[in-house]
């Protein structure tokens with residue numbers, strides 16, 4: 001298995017036509033880890049796996065309980081419970097509100113969820129998951145959000161989930177080969193809901209670039225774009241602060257890890 005990150009979805013809040021919300025698959029050293037499963041990501045995941053029962057997943061990590069990051073986790077639950085009833089549960093690393101919301105979607109919810117998933121809370125002390133050391137930290141958002149850092153032999157991938165500006169981002173993405181960063185840029189859309197006064201709870205593209213620069217990350221992957229945003233404008237804003245390679249999350253994009261540059265859509 002080649003080391004790569006595959007983008008399942010790139011939108012924040014709700015998906016544009018033909019797109020999906022937050023979701024990624026990280027493959028490395030014969031391990032396959034899913035990062036978030038927002039609206040529209042499950043069919044793309046199942047196509048990537050070549051399995052309607054989601055065979056081939058080693059671990060799922062969900063950063064927080066907003067539906068655009070976790071609602072298709074419910075579909076994955078059903079694929080496992082109905083399609084692979086006797087299979088061992090898949091490890092699920094997530095803040096407790098994710099588990100609570102998932103339980104609320106099913107009759108006999110707690111029993112069904114525990115049949116499909118073995119829950120581990122986030123954030124938590126560092127732990128080993130397959131070839132990776134998983135580190136996590138609480139980051140500022142509207143509800144508990146856990147940034148995650150996955151470090152293995154010769155590879156580090158970090159992912160913010162949704163967050164406002166925070167000094168911890170520099171440590172989360174420190175020297176990462178790939179830093180996946182919230183780039184909501186709601187300001188681009190005059191019809192977007194007003195943001196409450198106080199510290200920001202999502203990042204602009206400029207702030208995403210600043211976070212990657214502070215972390216000395218090698219590559220920056222911008223994601224969680226507000227629907228209909230100008231993504232090239234977001235890239236330009238991030239480039240004003242970050243001099244490394246900047247990638248734009250796009251459904252089906254495959255990012256080789258440990259190699260130079262992104263490839264085309266994954267198959």
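Laboratory data are not the source of any read-out in this text; all were calculated from the coordinates shown. Keep in mind that this is a model prediction, so the values were computed, not measured. Neighbour counts are summed over all protein chains in view; Cβ atoms, including those assigned to glycine, are modelled from backbone coordinates with ideal geometry.
The calculated FRET efficiency for the pair residue 216 and residue 1, based on their C-beta separation and a Förster distance of 30 Å, comes to about 0.60. For the stretch 1-79 versus the stretch 137-190, the spacing of their alpha-carbon centroids is 17 Å. Mean residue ellipticity at 222 nm, helices only, the chain: -6500 deg cm²/dmol; runs of at least 4 DSSP H residues each add -39,500 (n - 2.57), and the sum is divided by the number of residues.
Report relative contact order for the stretch 120-267 in percent, whole number only (criteria: Cα-Cα under 8 Å, sequence separation at least 6). The partial results should precede the final answer.
Values: 326 pairs, mean separation 26.3, N = 148.
It comes to 18 percent, rounded to a whole number.
Potential lengthening of the chain between residue 14 and residue 189 amounts to 61.6 nm, from the contour at 0.36 nm per residue minus the alpha-carbon distance. For the stretch 156-267, the normalised intensity computed at q = 0.15, 0.20 Å⁻¹ comes to -0.60, -1.03 (log10 of I(q)/I(0), Debye sum over alpha carbons, equal scatterers, no solvent).
Relative contact order for the chain: 17 percent, from Cα pairs under 8 Å spaced at least 6 residues apart, divided by residue count.
Average 1/r across all pairs of distinct alpha carbons in the chain, invert it, and you get the Kirkwood radius: 18.2 Å.
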